[in-house]
Structure formats: structure tokens, C-alpha cells
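Read the structure below first, then the notes.
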Amino acid sequence: MSLVESLHMALVLIFAGDRDVVSAIATSLEVAIWSIVFASLVGVPVGIAVALGNFPLKRVIRVMLNSLMAMPTVVVGLLVYGFLSRQGPLGSLGLLFTPKAIIIGQAILATPIIANYSLGAIQVADERILPTARTLGASNLQCFFQLVCEVRFGIVAAIIAGFGRVISEVGVAMMLGGNIHLYTRTMTTAIALETSKGDFAFGLALGVILMMISLAVNVFLTLVQEGRHA
């Protein structure tokens, strides 16, 4: 089958709402969104704390965050697999080969990215924000929310960057999800499997959708960055 024929069949699968295509898309979006939610709840406060804190290991932590941004996905998958397997400390929870396991792995991948970008956003913020808020009688919690509000564009950019990382991730999804049909099969794992089986049209259909999502994420990130510098 030629590339043109495969592309035609891929478009037919997309517009016909093929069950396997829709399931892979839905699973990918579900695990990516939840992983980013949990990663943001950890990454944003960590980034802000490192940026504002003054402690001896601050430089070491910054180096670690930078290093963790390039963390190999298969290593993350291997470590989480060890914890969630039957012999692991969390094996009794039965999370391995479920969407929850993928969410855990992808959240670990996205957390240092979000933390690092949040840290950068705080560092370029106006240094007078916190002193001014305290002068006006704001509590520590109010100061925190005021700072977040002022650097909101940078934090949104951090979250979008993390989402872009996990939506196209394959190593963690394959190792922790098991690529189970209509359950843990994501777009990336489905592309890898179906292409290896010779179903290039199906893989191309998911590839087109994944490219559209990646393009939308990058366009949104560009708009956020332009709004930040406006």
C-alpha cells in the first residue's frame, strides 16, 4: 500500500470515528491531563519554593531539576514498575498495567519540567511583588497567591510544556500500562504496535491526531509567551 493510500485510509478511520482510534485518543488525553494535574500540584510549589528560598543546597537542587528534565522515560518506567509490581512495596494496590500506573509515571516525568519552568518564571518576576504585598498587610498565603497571579503566564507555560512532554511519551506508557486494548493503549503505544504489525494506515491515523494535538499545544504555548511579554 502506497503512502497516499495509507493516508486516505487513515483519514477515513479518523472521520469515521473508529472505535480503536477514539479509545487510544481518549486514553492518551485522560492519562496526560491527570498526570499534569498531579505534576502541577507538586512542581509549581517546588519551583516557587526553590526560587524564593535561601538554603545551602539550593544550587544542588537546581542542578538536579535541570538534570531530571532529561530523565529517560524507560528509567522512570523501570523504577515505577519495581514499586508497583507484585514483589514491590506497592504491589498490593494492583496498580500495574492500569491507567493509574501510567499517570504516576508521567507525573514523575512532568514534575521537574513544571518545577524548572515555574522557578524561571519567579526569577524574572519583579522583586517588589512580595515586599509590596507584605507592606499592604497581606499574609504569607496571600503573598503566595499574589506572586502566582503575577507570574501566571510563566506557570501556564510550564504546565503546557509538561503536557507536551507526556502526551507524546511512549516508554512509561508501554512499561506501566501494558498496551492493553481499549484500556491502557495510548496513541503512542498503539502507533508502535500497529506499525510493527504492518497496519501503517492505523498508525498514521493516530500519528495525524498526535501531530494536531502537539501543534495545538505549541500554538497555545506561543500565545501564552506572547501574552507574558506583552
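Would you confirm, using the coordinates I've provided, whether residue 97 is at pLDDT 90 or above, surrounded by fewer than 22 Cβ atoms within 10 Å (Cβ to Cβ), of a type in the set (Phe, Trp, Tyr) and within 29 Å of residue 214 (Cβ to Cβ)? So residue 97 passes the test. Taking helices (runs of 4 or more DSSP H) as the structural unit, those lying wholly within segment 142-230 and holding at least 3 residues that are of a type outside the set (Ser, Thr, Tyr) and more than 30 Å from residue 52 (Cα to Cα) correspond to 171-177, 187-196, 200-229. In segment 47-57 there is at least one residue matching the filter, namely being more than 21 Å from residue 207 (Cα to Cα), in a helix (DSSP H, G or I), touching a residue at least 24 places away in the same chain (Cβ under 8 Å) and in contact with a Gly (Cβ under 9 Å, 6 or more places away or on another chain).
Taking (1) over 18 Å from the mean Cα position of the chain (by Cα); (2) assigned to a helix (DSSP H, G or I); (3) of a type in the set (Lys, Arg) in turn, residue 100 satisfies each apart from (1). When the residues of segment 128-179 are filtered to those that are touching a Ser or Thr at 6+ places or on another chain (Cβ under 8 Å), among the β-branched types (Val, Ile, Thr) and within 19 Å of residue 29 (Cβ to Cβ), which remaining residue is surrounded by the fewest Cβ atoms within 10 Å (Cβ to Cβ)? If we take residues in segment 128-179 being touching a Ser or Thr at 6+ places or on another chain (Cβ under 8 Å), among the β-branched types (Val, Ile, Thr) and within 19 Å of residue 29 (Cβ to Cβ), then 170 is surrounded by the fewest Cβ atoms within 10 Å (Cβ to Cβ). Listed by first and then second residue, the pairs linking a residue in segment 171-188 that is basic (Lys, Arg) to a residue that is in a loop (DSSP other than H, G, I, E, B), with Cβ atoms under 9 Å apart and 6 or more places separating them unless they lie on different chains, are 185/178; 185/179. With respect to (1) within 23 Å of residue 36 (Cβ to Cβ); (2) out of contact with any Leu (no Cβ under 9 Å at 6 or more places or on another chain); (3) assigned to a helix (DSSP H, G or I); (4) not hydroxyl-bearing (Ser, Thr, Tyr), the lone exception for residue 80 is condition (2).
The values are calculated or read from the model by the stated rules, or taken from the named source; none is laboratory data. Computed from a predicted model, the values in this text were never measured in an experiment. Cβ sites come from the backbone with ideal geometry, for glycine too, and all protein chains shown count toward neighbours.
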